[in-house]
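This report refers to the structure that appears directly beneath it.
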Amino acid sequence: MATVVDTSVALRGNLAGRMRLGDPFAYAAFVLLGLMIVLAVAVPLLFGTADVAQEHQGLLPPSLDHPFGTDKYGRDVFLRCMSAARVDILLGLGVAAVTLLIGTALGALSATFGRAVDMVVMRVTDILLAFPGIILALIITASLGKNAWFAASAVVIAFLPLVVRLTRSKALEVRSADFVAAARLSGTSTTRIAVEHVLPNAFKYPFVQSTLIASLAILDFAALSFLGVGVQPPQAEWGGMIAEGVGDTLGGSWWPAFFPGLMVLLAAASFQIIGDWLDRRLR
Amino acid sequence: MELRLDDITVVYRRRGVETRAVWGVSLRARRGETLALVGESGSGKTTMAKVAAGLQKATTGAVSWQGPATGPAGQRVQMVFQHPVQSLNPLWRVDRSVREPLRRAGVPQREATRRVTEMTGRVGLDPALLDRYPGELSGGQAQRVAIARALVGGPEIVILDEPTASLDQTVRARILALLADLQSSTGAGYLLISHDISTVRRLATRIAVMYRGRIVETGPASMILDAPRHPYTSALIAAVPVADPRVPWEGRRARAAPESPCPAGGQCEEHGQGLHAVGTDHLVACTSATIH
Amino acid sequence: MTLLAVDGLSIDGPGGRHIVRDFAIDVEEGEVVGVVGESGSGKTLTALSLLGLLPSGVRAASGEAHLGGVRYLHKGRIQERPHATMIFQNPTAALNPTMRIGAQLKRLLVFLEKRHDWRTRAEALLDSVGIDEPRAVMSRYPHQLSGGMNQRVMIAMALAAEPRLLIADEPTTGLDVTVQAQILDLIRVTVTTRGIGVLFVSHDMGVIAQTCHRVAVMYDGEVREFAGVDEIFHAPRADYTRTLLAAAGQPSGRVDDGTPAR
């Protein structure tokens, strides 16, 4: 009468116990991300954001004074990277959180309230999914304007369909479970079933997905800023810094583009690894 | 009070293909007795259970309650499912699951707790287990929880959908004994869906045999089990291997027979499949059965 | 002559937990030996270990097995592949869902002996397991056939290699009772005509009673009793055997007192 729902795993009260780290990669990812967040907060507070030049001569290679060197305007690359970290990491987390909230709500709605609602939601997600994420984000920012907020919203819209689809799919599975049938027999209303039974049991899937979305969001946002439609100068942002540093690399000064690139890689990879770890833990 | 299903037909439409799961089936489920719906896969018995529970709409036919009301209108029908652990919300402690029908019915907290405690005792469940999650319980324990949940609100009819099919042999016997016991103490009626003759033998007062969406025979349990008239019923009972090597086993056929509308090779599909009486309260849908 | 002789088979799970301890059994040619137990008894893992099919994390720590006098299992490990095949529970799931039956049979037969006339051989095989229209069945996918039909196909595939021993793990659990009767009869006929031995794993006492010549009763990883089917059902010696019989409704069983679940 029902499909099998994974009941062997539950986000139970002893969640803390089950989240014990046992995996060196995941451990490293947590430490790295934690470190980046701490530095992103502390460094700009203590040392400033290096929006203006500190050295008269630009393109100084990495040294003790300037661990990541300086860019062509004489700005310390390390300080700029940390200033950028605030934006990018915050963005990753923000996009993940917003897509999770809105996406799960829409997905659950789509799965619960019948064909008509489902059709509408599905067709809209179909349209959004027809565009590659970057293109969609570009279109949106191009029409709205070059602004970090617009770019962030564009990234949210690009990823929303994925969360909606996944939530809907899992919600439909949960809805066909015997315990939902039992709830109906006990007189539970459709809305209450969605909120008390379906959503909580379906949630772990989009939750894991959102960590991966955080990772991809950082990459997309960096790409948008690289193309000039995201964060505007002089605010530092990894993608923007890479764009500025490309020319310098060709001239032999590799550091203004390399270090922000490295930051993007480390941040995105950390989120991915954490996402994989979460996925394994919750199964 | 009696749950009536009259002339139920359920047709599924999938990609333009129509499948008739149930065809013109009528049933009555009453308090204090067990009606067993017996059949193999494709018989439509599961669909009938869903219709009776109100979880599925019949394409044609009526579901109604007849007789004097013995309680509030809500939750007259409850259900116990085949896979006990999956019939409980994995994120809820089982106490909450048992309590839920009472909460939905607006029973105040204190009274609800009293009833839950009482029912827990009656189903033979250790009260300490109420704090556990379904994944921490064995099949037998989880089924006891599910039974408690089903009965705590005092339903008229409980649908038992293969209640012991996924339980171990030794646990099965105890759960069946429990169900029989609870029927006499609560007075609830059971609609038992099963393909297992021994389970049916243990619990059924009356039996209705289904084959490919239709009822082929119905009557008192003893009559159906010991003196079946429809060839399909006979074949079904004979096919069950007896747990005794000394008892000769009938029902063997090495070759795969093609699916026919009539298990006896007749033409009931064309010749009108009404049920004919072959004894007091004993109906058979087979023209050849009435001949002898 | 003794077809299969197993001795001292022990299986450990993750963390060194003992799942099966000291399993020993023998099967003669033309005989069906049953292994009966409830879930958690270790009967399925035992069957899998005899063909080296244990899942990861589970290993046979010790055990010897001889097939036709030749030792093929030593210290729990397969030394050379035995001339034995297996059929499983849920036949539809055990077949490749993306290939038609005919294609699956072709693959198997060509692997066993490269012949151009695999089609004739396939049809003969399907006919020998009681399938009336082999060509029709061969053109279908597993999900288009009934569970009973798929089980016949699986038996045909298991017999294609002409094994000396057939291991059947709950082959009729989940099938309709009338279909089950047919499949069990098919197995019985196969044993008689081909003279193979069958190791039949099941939890159903009725099936065991009607199919097996000798029975091993397993509980919690151990063989509690191993005797002829009549003795098991009418003169059981082990307590657990009596418990199983009582649950199956047998007079020789001990009456269950229905104590509350703990």
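The numbers here are math on the coordinates, done by the rules we state, and not lab data. Fair warning: this is a prediction, and the values are worked out from it, not measured in the lab. No Cβ is skipped: glycine too gets one built from the backbone with ideal geometry, and neighbour counts run over all protein chains shown.
Each peptide in B:213-222, B:196-205 gets a packing score, the mean of other Cβ atoms within 10 Å over its residues, and the list from highest to lowest is B:213-222, B:196-205.
Using every pair of distinct Cα positions in chain A, the Kirkwood expression returns a hydrodynamic radius of 20.8 angstrom. Cross-link pairs out of A:72/A:146; A:170/B:57; A:170/B:50 include none exceeding 32 Å in C-alpha to C-alpha distance. Take C:52-60, B:149-157 and order them by the average number of nearby Cβ atoms within 10 Å per residue, most first; the result is B:149-157, C:52-60. Taking a straight line from the alpha carbon of residue C:43, these lysines sit under 20 Å away, with near neighbours fewer than eight places off in the same chain left out: C:75. Against chain C, whose longest principal axis comes from its Cα atoms, helix C:177-194 is set at around 80 degrees.
Amide H contacts under 5 Å for residue C:86: C:167, restricted to partners 5 or more places along the chain or on a different chain, H placed in the peptide plane at 1.01 Å from N. When you count the other C-beta atoms within 10 angstrom of each residue and take the mean per peptide, C:214-224, A:137-147 line up highest first as C:214-224, A:137-147. For the stretch A:122-259, the fraction of alpha-carbon pairs lying more than 26 Å apart is 44 percent, rounded to a whole number. Peptide B:232-244 has a mean shielding of 6, counted as Cβ atoms of other protein chains within 10 Å of each residue's Cβ.
Between the stretch C:15-41 and the stretch A:162-213, what is the separation of their alpha carbon centroids in Å? Taking the Cα centre of each part, the stretch C:15-41 and the stretch A:162-213 sit 42 Å apart. Comparing C:203, C:213, C:18 in a Gaussian network model of chain C, where Cα atoms under 10 Å apart are tied by springs, the biggest mean-square fluctuation is seen for C:18. Neighbour counts of C-beta atoms inside 10 Å place A:253, B:87 in the sequence A:253, B:87, starting with the fewest. Would you mind checking the tilt of helix A:133-144 against the longest principal axis of the Cα atoms of chain A, expressed as 0 to 90 degrees and rounded to 10? Roughly 70 degrees between the two axes. If R0 equals 35 Å, the separation of the Cβ atoms of residue B:41 and residue A:192 corresponds to a calculated FRET efficiency of about 0.55.
Inter-chain Cβ neighbour count for A:185-197, averaged per residue, equals 4 (cutoff 10 Å, partner chain atoms only). Bridge orientation summary for the protein assembly as shown: considering DSSP beta bridges with both residues in this region, about 60 percent are antiparallel.
A helix-only calculation puts the protein assembly as shown at -14500 deg cm²/dmol for mean residue ellipticity at 222 nm, using -39500 (n - 2.57) for each DSSP H run of at least four residues, averaged over all residues.
Neighbouring Cβ atoms from other chains, within 10 Å of the Cβ of residues in A:170-179, number 4 on average.
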